[in-house]
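Peer 1: What follows is a single structure, and I will ask about it in a moment.
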Amino acid sequence: MKTLPVVLGIIVVVIITGTTFAQVQIKEVPLTWQQASLSDGEELYLELCAACHGKSGLGDGPAAPALKNPVPDLTALAAQNDGIFPRKEVENSIAGKSRVVSHGTIDMPVWGQAFEDVRPDWKLFHRKALANQRIFNLTEYLATIQAE
């Protein structure tokens, strides 16, 4: 008879412990605003752009041959613009705001919307700010790889 209370006690402890563990959900820790705004341009480039544009930006990434249109050499943007890096045009291209018809169809993803969608739980204002910051960081990085 003394074993019945011990067994019941163990069952109660297991049920309570199991219920407590079942209620604990591991959530992904959200990015802080500071972390999001400090996304490194080179890191973003290597993660998102290098597959097509190549690690050095020459347009020779491993996915480039599979694309219908040639991938632009991102190191020549300033040279093609009288030595001035076309910052606004680059930002618009990354964001998906510019579509140059003479260059054919655009194969590049619309990163502006993709960057906004990274944190759907954030307010729209903050999502847009995050997207703009990442576009800025990528543009800044591209400015550093321009050929002399």
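Taken together, the values in this text are just the output of simple stated rules run on the coordinates, not laboratory data. Source: prediction; values computed, not measured. Quick reminder, even Gly has a Cβ in these numbers, built from the backbone with ideal geometry, and neighbours come from all protein chains shown.
Peer 1: Test of understanding: ordering Ile94, Ile145 by Cβ neighbours within 10 Å, fewest first, what list do you get?
Peer 2: Ile145, Ile94
Peer 1: Sort Asp82, Asp40 by Cβ crowding within 10 Å, fewest neighbours at the top.
Peer 2: Working: Asp82 7, Asp40 14.
Exposure proxy ranking, most exposed first: Asp82, Asp40.
Peer 1: Moving on. Within 10 Å of each residue's Cβ, count the other Cβ atoms and sort Thr139, Thr144, Thr75 from fewest upward. Working shown, then result.
Peer 2: Values: Thr139 21, Thr144 10, Thr75 18.
The most exposed by this proxy come first: Thr144, Thr75, Thr139.
Peer 1: Among the listed pairs Lys68/Lys123; Lys55/Lys123; Lys55/Lys97, which have their C-alpha atoms separated by more than 27 angstrom in this model?
Peer 2: Lys68/Lys123; Lys55/Lys123
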